[in-house]
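The structure appears below as C-alpha cells.
We did not get these values from a lab; they are worked out from the coordinates using the rules stated. The model shown is predicted, which means the values in this text are computed figures rather than measured ones. Positions of Cβ are generated from backbone atoms using ideal geometry, with glycine treated the same way; all protein chains shown enter the neighbour counts.
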C-alpha cells in the first residue's frame, strides 16, 4: 500500500480511537506496539496492529522473514513465520489475543488489552 494511503488509514484509526486493527495475507504473523505513522506510541494513544496471515500457508513460504534483526522496527512487538492460529477472548473490560504454533501448540505471543 502506498505510504499516502497507509498514512490516511493511520490518521483515521487514531482519530476514531481505534485500539486494535486486524489484517492478514502476508503469510506470517506480526503484532505491533501502539504505532502511528511508523512511530512507537504510548499504550492507549494509537492502535495496535495484528497481521495474522500465518494460517493455512499452502504456498510453503514459511521461515526466513525478516532477513535480519536490524531491519525490525522498534514498534514490532512480535514476529513469527511458523504456521499458526490465534484465539481471542473478549470479556467485559479485557481482550486477550494469543497466537499459537499449529504444529507444537506452543503459545508464541500474547497480548492483553484492558479498558
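Some values worked out for this structure:
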| item | result |
| --- | --- |
| Length released on extending from residue 74 to residue 20, taking residue separation times 0.36 nm less the Cα-Cα span | 17.6 nm |
| Fewest-first ranking of 100, 85, using other Cβ atoms within 10 Å as the exposure measure | 85, 100 |
| Burial ordering of 108, 87, fewest other beta-carbon atoms within 10 Å first | 87, 108 |
| Exposure proxy ranking, count of Cβ atoms within 10 Å, fewest first, for 9, 23 | 23, 9 |
